[in-house]
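The values are calculated or read from the model by the stated rules, or taken from the named source; none is laboratory data. Small disclaimer: the values here were computed from a predicted structure and weren't measured. Using ideal geometry, Cβ is built from the backbone for each residue, glycine included, and neighbour counts are taken over all protein chains shown.
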Ligand SMILES: Cc1cc2nc3c(=O)[nH]c(=O)nc-3n(C[C@H](O)[C@H](O)[C@H](O)COP(=O)(O)OP(=O)(O)OC[C@H]3O[C@@H](n4cnc5c(N)ncnc54)[C@H](O)[C@@H]3O)c2cc1C
């Protein structure tokens, strides 16, 4: 029988365990999952406070990536999936202290509706002219990797980097457009530039080729679960063998000895045929530091940033007074500490009673680092102060919660894909080692699930 160790009980590790579960039942695999904290789920955590569902980490996942919804269906949660209320979808960008709605038809940062963009006060006339000219760019042979900022600047100019690329990417990666790799983060953009030249023309063409059938309802952009993201964790855990899941058990290191893996957790160690490290890359680096310093070095070079989410519940007056839409993003140039705020009660059903408003504020990257040491009360005060400046929101919240996530968001820097090739080459020299998590090929929940499931299959094949 193959013995597999899974290190990390976030969604990546749980997805790996679920994939091994069938083989465990048939008696061909035995697995042990090690989780350092007292709870499973990693950054997926939902709290129910005064009738509101407050997400501490992710609130949803992208519907176009199938792996999370597929897993939900497999574990019997198909009827619990909910879509974002896209009819009310409107996101604002703070520009010189005013909230300006993102114009209709923006595909990430590429305008596809000329009139909507032309009339939008979000961009200056110079930028609008550049956007029109961009449609006539011809295909280009580009060199190696570059930052997202450099590609966007080439097509649309600095203002689009500041007002769109940067805040949108900070919202996902907690990082800045001038340090993130275009090939790793927006591979489609790099490809569109190579084949079409113009990103705008390429998007329009892609849309034309995919006409939606008139009777087919549009898919919501985001998917979540009725009882919040923790519902996924709880149901997944119910499908696993409880005695295989060890919480409060941090792994210090793993060693490859005599064709087997020795996993050391506290005073105990155990032997396995394969090891899945379902961890942030920096944590995997620490565990592998004596086993393979070169691999450990490559893993620790994958950057991570920290983030702080603040959940705030308000009464019906605030709900009435807030602007419609999903929330707003704050460009760096506005000089605020807040990166974004979500009007959760508008984004999803089942999140707040009709007489409550639920807001989620985000601080990320250096703005999160700068306030990290402050008390929860001080962080709440900063969030409230900035909400007052931006939304004129002076009311006292009914409740407030602060969630801190240290070095939890991977930053795919320029050259990330080349680094992954080197990591893969080094990993293959260690039979039975598999890596999963958000440090590699996708930071979102669906990609983490995919990575966990692939790692489980790899672990079985490598030692099969
Ligand atoms: C605030 C926030 C908001 C996000 N929003 C979204 C969103 O809306 N949509 C989306 O798709 N994605 C979102 N993401 C990203 C996504 O949630 C994460 O990338 C994903 O959940 C990571 O899962 P994971 O299992 O790989 O890692 P983690 O959740 O970090 O889990 C790793 C686990 O390993 C454990 N561990 C660490 N070291 C050890 C050790 N030595 N031994 C044993 N266990 C160890 C940790 O305790 C942890 O439980 C968000 C992330 C954050 C932080």
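Just the residues that are within 16 Å of the ligand (Cβ to nearest atom) and in a strand (DSSP E or B), please, taken from the stretch 401-428. Talk me through it step by step, then tell me what you get.
So the first thing to find is which residues in the stretch 401-428 are within 16 Å of the ligand (Cβ to nearest atom), and the list is 401-412, 416, 420, 423.
Scanning the stretch 401-428 gives 401, 402, 403, 404, 405, 406, 407, 408, 409, 410, 411.
Only one of the numbered conditions (1) within 15 Å of the ligand (Cβ to nearest atom); (2) surrounded by fewer than 17 Cβ atoms within 10 Å (Cβ to Cβ) is not met by residue 107, and that is (1).
A residue that is touching a helix residue (DSSP H, G or I) at 6+ places or on another chain (Cβ under 6 Å) and within 29 Å of residue 45 (Cβ to Cβ) cannot be found anywhere in the stretch 258-273. Considering (1) assigned by TED's automatic domain parsing to the domain that holds residue 277; (2) within 15 Å of the ligand (Cβ to nearest atom); (3) in a helix (DSSP H, G or I), the lone condition that residue 443 does not fulfil carries the number (3).
Answer yes if at least one residue in the stretch 357-370 is surrounded by fewer than 19 Cβ atoms within 10 Å (Cβ to Cβ), at pLDDT 95 or above and not in a loop (DSSP other than H, G, I, E, B), and no otherwise. The answer is yes; a qualifying residue exists. Just one of the listed residues (382, 390) is farther than 22 Å from residue 280 by Cα and touching a strand residue (DSSP E or B) at 6+ places or on another chain (Cβ under 7 Å), and it is 390. Checking 219, 239, 226 one by one, the residue that is closer than 20 Å to residue 446 by Cβ, surrounded by fewer than 16 Cβ atoms within 10 Å (Cβ to Cβ), modelled with pLDDT of 90 or more and not assigned by TED's automatic domain parsing to the domain that holds residue 22 is 226 and no other. Annotation: residue 110 fulfils all but one of (1) over 30 Å from residue 256 (Cα atoms); (2) at pLDDT 95 or above; (3) out of contact with any strand residue (DSSP E or B) (no Cβ under 7 Å at 6 or more places or on another chain); the unmet one is (2). Which of the numbered conditions does residue 374 fail, given that it passes all the others? Conditions: (1) at pLDDT 95 or above; (2) in contact with a strand residue (DSSP E or B) (Cβ under 9 Å, 6 or more places away or on another chain); (3) not in a helix (DSSP H, G or I). It fails just one condition, (2).
The number of residues in the stretch 259-283 that are more than 15 Å from residue 423 (Cα to Cα) and more than 9 Å from the ligand (Cβ to nearest atom) comes to 16.
All of (1) outside the structural domain of residue 254 (by TED's automatic domain parsing); (2) in a helix (DSSP H, G or I); (3) near the ligand (Cβ under 9 Å from one of its atoms) hold for residue 13 with one exception: (1).
Scanning the stretch 59-79 for residues that are surrounded by fewer than 22 Cβ atoms within 10 Å (Cβ to Cβ) and more than 12 Å from the ligand (Cβ to nearest atom) turns up 66, 70, 73, 74, 75, 76, 77, 78, 79.
Can you say whether residue 56 is within 16 Å of the ligand (Cβ to nearest atom) and either at pLDDT below 95 or crowded, with 20+ Cβ neighbours inside 10 Å (or both), as far as the supplied structure shows?
Working: within 16 Å of the ligand (Cβ to nearest atom): yes; either at pLDDT below 95 or crowded, with 20+ Cβ neighbours inside 10 Å (or both): yes.
Yes; evaluated as a whole, the condition is true for this residue.
Taken over the stretch 141-176, the criterion of being modelled with pLDDT of 90 or more and outside any helix (DSSP H, G or I) is satisfied by 145, 146, 147, 157.
Counted as qualifying within the stretch 44-140 are the helices (runs of 4 or more DSSP H) with 2 or more residues that are in the same structural domain as residue 162 (by TED's automatic domain parsing) and in contact (Cβ under 8 Å) with a residue 12 or more places away in the chain, namely 114-119, 125-134. For residue 226, the conditions (1) touching a residue at least 60 places away in the same chain (Cβ under 8 Å); (2) over 18 Å from residue 70 (Cα atoms) are fulfilled apart from (2). Among the residues of the stretch 16-42, those that are within 11 Å of the ligand (Cβ to nearest atom), over 16 Å from residue 451 (Cα atoms) and assigned to a loop (DSSP other than H, G, I, E, B) comprise 35, 36, 37, 38, 39, 40.
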